[in-house]
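To start, the structure under review is shown below, and the notes come after it.
The values are calculated or read from the model by the stated rules, or taken from the named source; none is laboratory data. Quantities reported herein were computed from a predicted structural model and do not represent experimental measurements. Note that we place each Cβ from the backbone using ideal geometry, even for glycine, and neighbour counts take in every protein chain shown.
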Amino acid sequence: MVKRVLIQSGAGAAMSVSLPGVDVTTANIDQMVFDSRWSGHQFYASGILDSSQDSVATFFFPSTLDAVPFLAAYTDTNITLAPGSQYLGFTNFRGNNSDYWVYAQVTTSSLQFRFKFGNQVGRLYFALFRRIAG
C-alpha cells in the first residue's frame with residue numbers, strides 16, 4: 001500500500017495528501033491533493049502584459065523563486081477596438097509552451113503571456129503570490 005498522508009511536526013510543520021497511487025514522500029506538487037505548505041501566500045507582484053499577433057510578452061521576476069508562484073489573472077481580449085468589453089479565460093501552464101490561442105505560462109523566474117487572434121491586442125491583468133511556508 002502506498003503512503004498517501006504525511007504529517008510533519010516541528011519547525012517545518014506541514015500536512016500533505018497525495019493523489020491515489022502516489023507515494024506522498026516522493027510526490028511533486030502536481031501529484032498532491034492537498035499540501036499545507038501552500039496555505040500561506042504572500043503578494044509578490046502585479047501588472048499588465050500586452051500581446052498581439054502571436055507575440056509573447058514576458059514579465060521577468062527580480063530573482064528566481066524557490067517555487068512557481070500562484071497566478072490570479074484575467075484577459076481583456078480586444079483592448080484596441082473595445083477596451084473592457086470582452087473577457088476570456090486563458091490556460092495557465094507551469095512550464096512548456098503551448099499552441100493555445102491564449103495562454104499564461106508561469107515559471108520560477110518569469111510570467112509569459114501570448115495572445116494569438118489576428119491583429120487584436122490582448123491584455124493580461126495579473127497578480128502573483130509566492131508561497132511563504134515550507
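Residues that are modelled with pLDDT of 80 or more and closer than 25 Å to residue 30 by Cα number at least 2 in the following strands (runs of 3 or more DSSP E) confined to region 40-131: 41-52, 56-60, 70-76, 102-106, 110-115, 121-131.
Scanning region 1-28 for residues that are without any contact (Cβ under 8 Å) to a residue 60 or more places away in the chain, assigned to a loop (DSSP other than H, G, I, E, B) and under 20 Å from residue 132 (Cβ atoms) yields 9, 10, 11, 13, 28.
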